[in-house]
Amino acid sequence: MFLPWSQVPNGSGVCRAGAPMLVWPPADWEGDCLSPAKEPSLHALTLHAPGDVRHESVPDPVLRLPSDTIVRVLKTAVCGSDLHGYHGREIGLDPGTIVGHEFVGEVLEVGEQVRSVRPGDVVVGAFSTSCGNCVACNRGLTARCLAGGEVFGWVSSGTGLQGAQAERVRVPLADGTLVKCPPELDLELALLAGDVLSTGLFCAEAGGVGPGQTVVVLGAGPVGLAAVMAARAMGAEVVMNIDRIPGRLQQAERFGARPVHLDDDDVVAIVREAGGGLGADAVLEVVGSKAATRLAYEIVRPGGTISAVGVHTESNLAFTAGEAYDKNLTYRAGRCSARAMMQRALGLMTSGVIDPSPMITHRMPLSAGPNAYALFAARAEGCQKIVLEP
Ligand SMILES: NC(=O)c1ccc[n+]([C@@H]2O[C@H](COP(=O)([O-])OP(=O)(O)OC[C@H]3O[C@@H](n4cnc5c(N)ncnc54)[C@H](O)[C@@H]3O)[C@@H](O)[C@H]2O)c1
Ligand SMILES: [Zn+2]
Ligand SMILES: [Zn+2]
């Protein structure tokens, strides 16, 4: 783990690897970094315990650092990653944390160091913060930014960042985290660039997807569908999408994938045959479970790649080192560097190469957030992406 922002040694000017980096607050900064938040006047969704999401009033965010902005959230969404805490799979979140990490909104206030956005600008946020200047950011690894790298909606033992399922959100490192929304693009679609679409692109790219390939996407949730779109945009010849929810498999077909039912179809035989008897060139694992990893291993061809963006909470991989050896396997995993991918995701939409709009199945007011979580968790009513409006 990299140091969270609040623990970066002040004024040191170098990262732990010894490279120069941007450190806030600068030595001459006289602002009050620890100023208390205002009175509870912000409507937001908070998670108190597994299954216990509340719509309640919490303190309004304030500018704390000169690189901060405050954004008025116009649209936010519920992500599969929000379900890990909701189901109690992921632990450590402080009760009452504002959840959510996807947002588009209008810039309300900017700190004095912010250069790229002004009040009134409409922006989309990457789901984690990044400075844009450190050695990690310079390599396109904004998810592992040495100065930021915090995910919105994750506060643990008092450290971290409040979330975006709220009327307003504080965005640190605004210049390296926010992107202006293309005016011609529907805000709902721009919203998808901050996480799901970028993650789909990242997953396909890490899988080495290219023309003529046989690609299997595990999971037909919103990110799985984004991976289907990405694989097709990158020229894959055959794209299969595996899930067990009939409505989601229908969606997958709509986005150009061959749907395969996890339980009713002979998945291993179907994929091996499609891959000329060997298996898939790339398996994009967009689930986050041991069973999905094992299935990915079974269906990837020798010499192929498993690219995993599913968030895992188990401690071991579902294949052994020997099995990896026996398949000449490449296994890649990790958090998407959304900020480094977003311009591309936005460009694919504005140019009309991909149109993810059918994946948005529900629109609700923020106040209905607890119902939205219950619906999404149950995969009820054909639910895919739920957009919430404060
Ligand atoms: N790495 C990243 O940066 C990043 C970013 C966004 C989301 N994620 C993760 O991606 C995953 C998917 O997100 P989502 O929003 O689409 O979630 P989701 O929960 O809506 O979708 C997961 C889908 O996987 C299906 N599934 C379950 N077991 C399966 C199996 N063994 N084989 C095939 N399909 C199976 C489920 O039926 C479901 O439709 C989550 O783990 C989420 O945390 C990671
Ligand atoms: Zn997410
Ligand atoms: Zn950085």
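Output yes when any residue across region 132-142 is in contact with a Pro (Cβ under 6 Å, 6 or more places away or on another chain) and either within 16 Å of ligand 1 (Cβ to nearest atom) or closer than 30 Å to residue 330 by Cα (or both), and no when none is.
no
Kindly provide the set of residues from region 301-324 that are over 17 Å from residue 224 (Cα atoms) and of a type in the set (A, V, I, L, M, F, W, C), ordered by number. If the condition is that a residue be over 17 Å from residue 224 (Cα atoms) and of a type in the set (A, V, I, L, M, F, W, C), then 317, 318, 319, 321, 324 are the ones that fit. Filtering region 55-96 to residues that are within 30 Å of residue 117 (Cα to Cα) and charged (D, E, K, R) leaves 56, 60, 64, 68, 72, 75, 82. The set of residues from region 135-159 being farther than 26 Å from residue 46 by Cβ and either part of a strand (DSSP E or B) or of a type in the set (Ser, Thr, Tyr) (or both) comprises just one member, 142.
Hey, any hits in region 157-168 for a residue that's among the hydroxyl-bearing types (Ser, Thr, Tyr), farther than 20 Å from residue 333 by Cα and touching a Gly at 6+ places or on another chain (Cβ under 7 Å)?
The answer is no; no qualifying residue exists.
Residues considered: 124, 73, 104. Of these, the only one that is modelled with pLDDT of 95 or more, touching a Pro at 6+ places or on another chain (Cβ under 7 Å) and closer than 22 Å to residue 222 by Cβ is 73. Inside region 362-385, residues that are modelled with pLDDT of 95 or more and either outside the structural domain of residue 96 (by TED's automatic domain parsing) or touching a Gly at 6+ places or on another chain (Cβ under 6 Å) (or both) make up a count of 0. Residues of region 160-178 that are in a strand (DSSP E or B) and in contact with a Ser or Thr (Cβ under 9 Å, 6 or more places away or on another chain): 160, 161, 166, 169, 170, 171, 178. In region 57-93, how many residues are closer than 21 Å to residue 195 by Cα and either away from ligand 3 (no atom under 16 Å from the Cβ) or of a type in the set (A, V, I, L, M) (or both)? Residues meeting the conditions: 22. From the list 89, 54, the lone residue that is modelled with pLDDT under 95 and surrounded by fewer than 17 Cβ atoms within 10 Å (Cβ to Cβ) is 89. Across region 247-261, a minimum of one residue is classified as under 19 Å from residue 205 (Cβ atoms) and aliphatic (A, V, I, L, M).
The values are calculated or read from the model by the stated rules, or taken from the named source; none is laboratory data. Bear in mind the structure is a predicted one, so any value in this text is a computation, not a measurement. Positions of Cβ are generated from backbone atoms using ideal geometry, with glycine treated the same way; all protein chains shown enter the neighbour counts.
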